1. For THR41, indicate whether it is touching a strand residue (DSSP E or B) at 6+ places or on another chain (Cβ under 7 Å) and of a type in the set (Ser, Thr, Tyr).
2. Here's a check for you: in segment 32-58, which residue that is of a type in the set (Lys, Arg) and not in a loop (DSSP other than H, G, I, E, B) is most open to solvent (accessible area, probe 1.4 Å)?
3. Just to be sure before I move on: is ARG345 among the charged types (D, E, K, R), open to solvent by 10 Å² or more (accessible area, probe 1.4 Å) and touching a Pro at 6+ places or on another chain (Cβ under 6 Å) in the structure I sent?
4. In segment 172-191, what residues are closer than 27 Å to GLN270 by Cβ, surrounded by 19 or more Cβ atoms within 10 Å (Cβ to Cβ) and free of Cβ contacts under 8 Å to residues at least 60 places away in the same chain?
5. For segment 96-154, which residues satisfy the criterion of being open to solvent by 20 Å² or more (accessible area, probe 1.4 Å), in a strand (DSSP E or B) and either in contact with a helix residue (DSSP H, G or I) (Cβ under 6 Å, 6 or more places away or on another chain) or over 16 Å from ASN185 (Cα atoms) (or both)?
6. Which residue out of ALA160, ALA195 is open to solvent by less than 50 Å² (accessible area, probe 1.4 Å), within 18 Å of the chain's Cα centre (by Cα), over 23 Å from ALA129 (Cβ atoms) and modelled with pLDDT of 95 or more?
7. Would you call HIS309 without any contact (Cβ under 8 Å) to a residue 24 or more places away in the chain and of a type outside the set (Asp, Glu)?
8. Look at segment 290-315 and say how many of its residues are open to solvent by less than 20 Å² (accessible area, probe 1.4 Å), assigned to a loop (DSSP other than H, G, I, E, B) and farther than 19 Å from TYR197 by Cα.
Amino acid sequence: MSTEMMKPVPRPGILDIAAYVPGKDHAGGVARVYKLSSNETPLGASPRAIEAFREAAGNLELYPDGQAHALREAIASVNGLNAANILCGNGSDELLGLLCHVYLGAGDEAVITEHGFLVYKIQIMGAGATPVTVPEKDYTVDVDAILAAVTPKTKLVFIANPGNPTGTYVPVTDIRRLQAGLPKNVILVLDAAYAEYVRRNDYEAGIELVSSNSNVVMCRTFSKVYGLAALRIGWMYGPLEIVDAMNRVRGPFNLNAPAIAAGAAAMRDQAFIGNAVEYNKLWLDKLTHAFEAIGLTVTPSVTNFILIHFPDVDGKRAPDADAFLSSRGYILRAVKGYGLPNALRMTVGPEEANRGVIEALGEFMAKSA
């Protein structure tokens, strides 16, 4: 047997996975760069969270609480939940991966949507299962398309609600209809990473649906409105049986101590979160109206980002706009990997950056192709 044949080889399917590519964060030749590609809040973290983080740094020689009691209790208290039904993870990405690890295997299927978060597909394939992608309607999750795709092989259904990178949402009546139409052995995963930003009467993040069903889980994150993306904190609310199964394979110290302390403090500072949401709503409306006024199409968003569509004209397409903006220090997110080659996603940023992008795109649209 040759030396080449003796090398370690990943199991079948692993090398078929396209690795996740984060939004770019730099641009050459400019004095100031505004990163508007990762949906990070421009207001940072709560001062209380920062203080808690610094205090925790005094005991770095100690292992963290493997059950993250302080964080789970804070989440439970603020949201009116039972802490036993809460599982915390190293970002919601870890929780999504654990769900796939525990409930999927070779021969199984999981349903995702056309423009859904790329991590779903990666984790499904990583578990050896098959992702089944269904079309969306007007950049919005189509409940009927999902139900039509369910087979006896289906074990999980992933929905980002609100959606990323679209910014759209599915009303609670449709989510309930979806859950009612799924077999009881199929888990509905509601990824509500942007739930705090939504101010619509017909939206629910999923808490009530989880509380009344045995096959629904809701995932949330501290990386967006809470401003703790660097600490990687996610949490899931789910039935005790699902939480127990995931706890059996979860790393024993998957959250570090400063993250637990900062997350608990951030969760309890809801006044800070309220201010962040109000700032976001103000600029979400301003950006949408400004871009539409210069001839661009914007998908209506309920999140902290907007999806901007460009004309299918030489010199005016999304890659052209991306290059133009980058040359001026404004970094938006190209979303070709999400099936949207002629769109860019822009995070609501600081006022200076928001005004700068409006001005730059106005110049871009006005110039000759």
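The values are calculated or read from the model by the stated rules, or taken from the named source; none is laboratory data. Small disclaimer: the values here were computed from a predicted structure and weren't measured. Glycine gets a Cβ as well: all are built from the backbone with ideal geometry, and neighbour counts include every protein chain shown. In case anyone asks, the SASA skips ligands and DNA or RNA and just uses the protein heavy atoms, side chains included. Shrake-Rupley method; radii C 1.70, N 1.55, O 1.52, S 1.80 Å.
1. Details: touching a strand residue (DSSP E or B) at 6+ places or on another chain (Cβ under 7 Å): no; of a type in the set (Ser, Thr, Tyr): yes.
Answer is no for this residue.
2. ARG54
3. Taking the combined requirement at face value, the residue satisfies it.
4. ILE175, LEU190
5. Result: THR130, PRO131, VAL132, THR133, LYS137, THR140.
6. Values: ALA160 fails: over 23 Å from ALA129 (Cβ atoms).
Testing whether each residue is open to solvent by less than 50 Å² (accessible area, probe 1.4 Å), within 18 Å of the chain's Cα centre (by Cα), over 23 Å from ALA129 (Cβ atoms) and modelled with pLDDT of 95 or more leaves just ALA195.
7. Values: without any contact (Cβ under 8 Å) to a residue 24 or more places away in the chain: no; of a type outside the set (Asp, Glu): yes.
Judged against the criteria, HIS309 is not a match.
8. 2
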